[in-house]
Amino acid sequence: MATSAKPAAKRGARQPSLAQLRAFAAVAEHLHFRDAAAAIGMSQPALSGAVSALEETLGVTLLERTTRKVLLSSAGERLAVRARAVLEEVGALMEEADAVRAPFTGALRLGVIPTVAPYLLPTFIGLVHQKYPDLDLQVHEEQTSSLIEGLGAGRLDLLLLAVPLGVPGVTEMPLFDEDFVLVTPLDHWLGGREGIPRDALRELNLLLLDEGHCLRDQALDICREAGRADAPVTTTAAGLSTLVQLVAGGLGVTLLPRTAVRVETSRSNQLLTGYFADPAPTRRIALAMRSGAARGAEYEVLAAALRGAVKPLPVRVL
């Protein structure tokens, strides 16, 4: 009578190595041996050998190799998900060990949005240098969607951005609220005024950032709350510096967060700022981390320290 094969774990089969899993995960991501080898710092022959050894260990074909390209087999597609999960857990294990061994040491990969970076990074970097000199701070400036993707993939450790995000698996640590102000040309009727009603936004030629910037979405939300049904988009810019120069040239007005006003308006003498009546439109800035992050306790301490560091700025600390 034929007997069924025993599960691998009961046969004493060899276990895949982490190097094999890293090699396979890299090939699964890039679908190209040369690019995958470069991504993980391994020679192409060594990477190919590691994937072949993994296939032998598992007893399945993971890749379909042709002269032109590499494809995942059906088994490879399924097992690539498992391989990435194993590598993520190993990474979390190493982070946990680092945190236990020596808090506030090693690399901290911080992602920050462009409408925050120029105005808060000096404070953040100064805080790290003063209180956490052994922390290797690595900064990545990207738009919100890219930052969230990077956090979920493990490419980034901590984000500094506008919230709420409403993303499952992400814990937000609010830092402060800041008002928006109206930036106008010198001859604009609202320039330099205080107590501006929000409904004044209904009739203004408002200049906005390009698609993808959360500040653009916030400005549109403010306009909708003021009763403006249309999207006031005639001219857009890739960054706040360009946006403010367009205002100085008389093309319209724009909204700036208070932390950006001093830096951006100091570049031209053709600008005025106006302030809204209470309650002024605001945005909330926070740090964000993966829920259950191994270094979560450190990030909470860092958030508390950053709240203290931003008190001299024109914000309301939370």
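Would you give the gap between the C-alpha center of the range 131-160 and the C-alpha center of the range 182-199, rounded to a whole Å? Cα centroid of the range 131-160 versus Cα centroid of the range 182-199: 36 Å apart.
For the range 85-206, averaging the sequence separation of C-alpha pairs within contact (under 8 Å, six or more residues apart) and dividing by the residue count gives a relative contact order of 24 percent.
With the whole protein complex present, Cys214 retains an accessible surface near 20 Å², based on a 1.4 Å probe.
Rounded to the nearest 0.05, what FRET efficiency do Phe104 and Ala153 give with R0 = 22 Å and r taken as the Cβ-Cβ distance? Could you check?
On the way: r = 24 Å, r/R0 = 1.08.
With R0 = 22 Å, the Cβ-Cβ based efficiency is 0.40.
Between Thr236 and Val139, the modelled label-to-label distance comes to 2.6 nm, taking each label 7 Å out from Cα in the direction of the beta carbon.
About its Cα centre, the dipole of the chain is roughly 880 debye, where the only charges are +1 on Lys and Arg Cβ and -1 on Asp and Glu Cβ.
Taking Ala303, Ala75, Ala36 as the candidate residues, the one with maximal mean-square fluctuation in a Gaussian network model of the chain, Cα springs under 10 Å, is Ala75. Helix content alone sets the calculated 222 nm mean residue ellipticity of the chain: runs of n ≥ 4 DSSP H residues at -39500 (n - 2.57) each, divided across all residues, give -13500 deg cm²/dmol. Which one, Pro185, Met42, Leu120, projects farthest toward the positive side of the charge dipole computed for the chain from Cβ point charges (K/R +1, D/E -1)? Projecting each Cα onto the dipole axis, the largest value belongs to Met42.
Assuming R0 = 45 Å, what is the FRET efficiency of Ala39 and Gln130, from their Cβ-Cβ distance, to the nearest 0.05?
Efficiency computed from Cβ-Cβ geometry: 0.80.
For the range 232-318, give the percent of accessible area contributed by carbon and sulfur heavy atoms, probe 1.4 Å, rounded to a whole number.
It is 52 percent, rounded to a whole number.
With each label modelled as a point 7 angstrom along the Cα→C-beta vector, the Glu64-Leu251 pair spans 5.0 nm.
Say a paramagnetic label sat at a point 7 Å from the Cα of Arg193, along Cα to Cβ; which residues of the range 259-294 have their backbone N under 13 Å from it? Correct set: 273-277.
Counting only protein heavy atoms and using a 1.4 Å probe, the accessible area of Glu225 comes to about 130 Å².
The values are calculated or read from the model by the stated rules, or taken from the named source; none is laboratory data. No experiment lies behind these values; they were computed from the predicted model shown. FYI the Cβ positions are ideal-geometry reconstructions off the backbone, even for glycines, and counts take in every protein chain you see. Heavy atoms of the whole protein, side chains included, go into the accessibility calculation; ligands, DNA and RNA do not. Shrake-Rupley method; radii C 1.70, N 1.55, O 1.52, S 1.80 Å.
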